[in-house]
């Protein structure tokens, strides 16, 4: 999995007043959980651009000067009006402990049903996976080449190496549905046969 590096500064004072002062200075208050004790730090808002405003998933190497911590984004809070980042929670990675993340789905191949006039519908844009940090995939790849009109691709048919998908076995990842134009053509053909 790709990693993004973010430079930050530890902060000692926490609380409403200190947090408001941090935000007024154009910085984002952040916390890293999962270690011996939570680590509070701040970083510039633009440092999170490649982490937050992207469909991709990344691990985050937080550089606090005297220490570097490998983490993943756990939670993010936005201002309800301005959409500015108010607060970010990270979770510290432990290389021998499995973690759970939502990973984007990447479609490959051309479905037979689409070539015949159907429409490919991606029901799950992200899948929840569990793996050791070293085995986390950048994306879950699905091949839709065998999907005919009306067929569905279930989560059990998705190839997984070194990670587990945490969805129910009957979860549909993608399906080929008949388009309105193809449906109308089929109805017109059926009417023509009757006449």
Exercise for review: Tally the residues that are crowded, with 19+ Cβ neighbours inside 10 Å, over 18 Å from the mean Cα position of the chain (by Cα) and not in a loop (DSSP other than H, G, I, E, B), restricting the search to the range 128-164.
Suggested key: 1
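Having 2 or more residues that are under 16 Å from residue 133 (Cα atoms) is the bar; report the strands (runs of 3 or more DSSP E) wholly within the range 1-72 that clear it. Outline the logic, then answer.
Working: elements: 3-7, 27-33, 39-44, 59-63.
The qualifying strands (runs of 3 or more DSSP E) are 3-7, 59-63.
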Point to revise | Selection count, the range 107-127, where residues are surrounded by fewer than 14 Cβ atoms within 10 Å (Cβ to Cβ) and part of a strand (DSSP E or B) | key: 2
Check your understanding: Can residue 173 be described as assigned by TED's automatic domain parsing to the domain that holds residue 104, touching a helix residue (DSSP H, G or I) at 6+ places or on another chain (Cβ under 8 Å) and outside any loop (DSSP other than H, G, I, E, B)?
Key -> yes
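Looking at 157, 74, can you tell me which residue is assigned by TED's automatic domain parsing to the domain that holds residue 23 and free of Cβ contacts under 8 Å to residues at least 60 places away in the same chain?
Details: 157 fails: assigned by TED's automatic domain parsing to the domain that holds residue 23.
Only one candidate qualifies: 74.
The values are calculated or read from the model by the stated rules, or taken from the named source; none is laboratory data. The structure displayed is predicted, hence computed values, not measured ones. Here the Cβ is made from the backbone with ideal geometry for all residues, glycine too, and neighbour counts use every protein chain on show.
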